[in-house]
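Following: one structure in structure tokens, then a few remarks.
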Amino acid sequence: MLLHSATLADGRSVDVRIADGVITEIGPDLVAAGDDVVDLGGRLLLSAFAEPHAHLDKAFLAERIINETGDLMGAILAMHANRHLVSLEDTIERAERAVRLMVANGTTLIRSHADTTIENGLMSVEALAEVRRRTADVCDLEIVALVGWPITGSAGADSRALLRDALDAGADVVGGCPHLEDDPCAATDQLLDIAAERGRSVDLHTDETLDPAKLALEHLARRIVETGFPHRVAASHCVSLAMQPEARQHEVAALVAEAGISVVALPHTNLFLQGRDHQQAMPRALTAVKALREAGVNVCAGADNLQDPFNPMGRADPLETGALMVMTAHLLPDAALDAVSGAVHRAITGSHTGITPGAPAELVAIAAAGVREALAFGPSGRMVFHQGRLVSGSPLGK
């Protein structure tokens, strides 16, 4: 396949040749006899987007399950009280619909958490495993077993067993919510131990609170450094870090960088859930993005929840997430784009080479003059390529 007349983010007009799912050549006027030519008509060609933190099992429940208080615990309690309204088949349908919408918007790598609680059992993991099978031709889907609490001591024995069962049933990554435990540090240690035992990466809901007294991120980073934990680690939310004095932010950020932890900022849901008790000078409820980036931490951004009790809004569009990072985290457009693309790949797969010869042909073509304009307008009609194949959108004139 030859992608003809593409505009790269640096403004160059090029052709891009693809073979066996890999970019093999980039340059002007590469069209040769026998090429399968796809004319991009000057569209902006970017690396495909990636979603580092979804909750596909909850997608599109906003009309069915209402969060009466609008805060995090209100959403958790609403889900707990209404589990009977959700079935395996229903979860598969909603999650698949969300995945296909994400793909149409240019996303070809998705990491989704799946509720792994005593009352929910393995239903969400099994549902997302089926969705992964159904959508394997259009994207890569990774499943995080989001275990309930408590996870420690005798009271957490059933949850620990369920987490191990979830990893056997198709979950790829160990997840949990240490900040909701009585002892967040002990919970963090327990989750790391299980991940090490099973040779899995970790993605924890970390310090999803504006309470500055809760800062389990520091303990997580120290444990990674002390133990030499060999697998990738992501800390999602990390909201309370932004409530620390700047010197403290930089101290913790340096430790996070040393540990090699990727931090996932989640502007949509945190803007909705957090800050309701701070009606004067309401905080943005985002992590300390500036301090983390200055320390060299890999910071990516995700949409989190999609039209459910945790966030009634959302379009499943990383360009919307990127635009929010410009406005709420003060990122420049190129950095905001990286937060929803390259940085996510570095967090999940460990590397990202962008649009270069030898790189996987994971691409999205957008009708925009440049990155800033793409983030601002979020144009529709995108052409999406996964493993070198056009999986969404139509060539010009088709």
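Might you check whether a residue that is in a helix (DSSP H, G or I) and crowded, with 19+ Cβ neighbours inside 10 Å occurs anywhere in region 294-314? No, every residue in region 294-314 fails to be in a helix (DSSP H, G or I) and crowded, with 19+ Cβ neighbours inside 10 Å.
Could you list, in sequence order, all residues of region 278-290 that are touching a residue at least 24 places away in the same chain (Cβ under 8 Å) and either surrounded by 23 or more Cβ atoms within 10 Å (Cβ to Cβ) or part of a loop (DSSP other than H, G, I, E, B) (or both)?
His278, Pro283, Arg284, Ala285, Leu286, Thr287, Ala288, Val289
Taken over region 197-214, the criterion of being of a type in the set (Gly, Ala, Ser) and at negative phi is satisfied by Ser201, Ala213. Touching a helix residue (DSSP H, G or I) at 6+ places or on another chain (Cβ under 8 Å), farther than 20 Å from His345 by Cα, of a type in the set (A, V, I, L, M, F, W, C) and part of a helix (DSSP H, G or I) - does that describe any residue in region 204-214? The answer is no, given that none of the residues of region 204-214 is touching a helix residue (DSSP H, G or I) at 6+ places or on another chain (Cβ under 8 Å), farther than 20 Å from His345 by Cα, of a type in the set (A, V, I, L, M, F, W, C) and part of a helix (DSSP H, G or I).
Matching residues to (1) in contact with a strand residue (DSSP E or B) (Cβ under 8 Å, 6 or more places away or on another chain); (2) not assigned by TED's automatic domain parsing to the domain that holds Pro318; (3) not in a helix (DSSP H, G or I):
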site	(1), (2), (3)
Arg64	no, no, yes
Met73	no, no, no
Val103	yes, no, no
Ser112	yes, no, yes
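Taken as a whole, the condition of being assigned to a loop (DSSP other than H, G, I, E, B) and hydroxyl-bearing (Ser, Thr, Tyr) applies to Thr69.
Would you confirm whether or not region 42-54 contains a residue that is in a loop (DSSP other than H, G, I, E, B) and closer than 20 Å to Ala303 by Cβ? Scanning region 42-54, I find at least one residue that is in a loop (DSSP other than H, G, I, E, B) and closer than 20 Å to Ala303 by Cβ, so the answer is yes. Restricting Ala335, Ala376, Ala369, Ala339 to residues that are surrounded by 16 or more Cβ atoms within 10 Å (Cβ to Cβ), at pLDDT 95 or above and either assigned by TED's automatic domain parsing to the domain that holds Val22 or within 20 Å of Ala54 (Cα to Cα) (or both) narrows the list to Ala339. For region 71-117, how many residues are over 16 Å from the mean Cα position of the chain (by Cα), under 21 Å from Glu130 (Cα atoms) and surrounded by fewer than 24 Cβ atoms within 10 Å (Cβ to Cβ)? Total meeting the criteria: 15.
Based on what the data block shows, is Ile355 touching a residue at least 60 places away in the same chain (Cβ under 8 Å) and either crowded, with 24+ Cβ neighbours inside 10 Å or touching a His at 6+ places or on another chain (Cβ under 9 Å) (or both)? Answer is no for this residue.
The values are calculated or read from the model by the stated rules, or taken from the named source; none is laboratory data. Because the structure is a prediction, the values reported are computed rather than measured. No Cβ is skipped: glycine too gets one built from the backbone with ideal geometry, and neighbour counts run over all protein chains shown.
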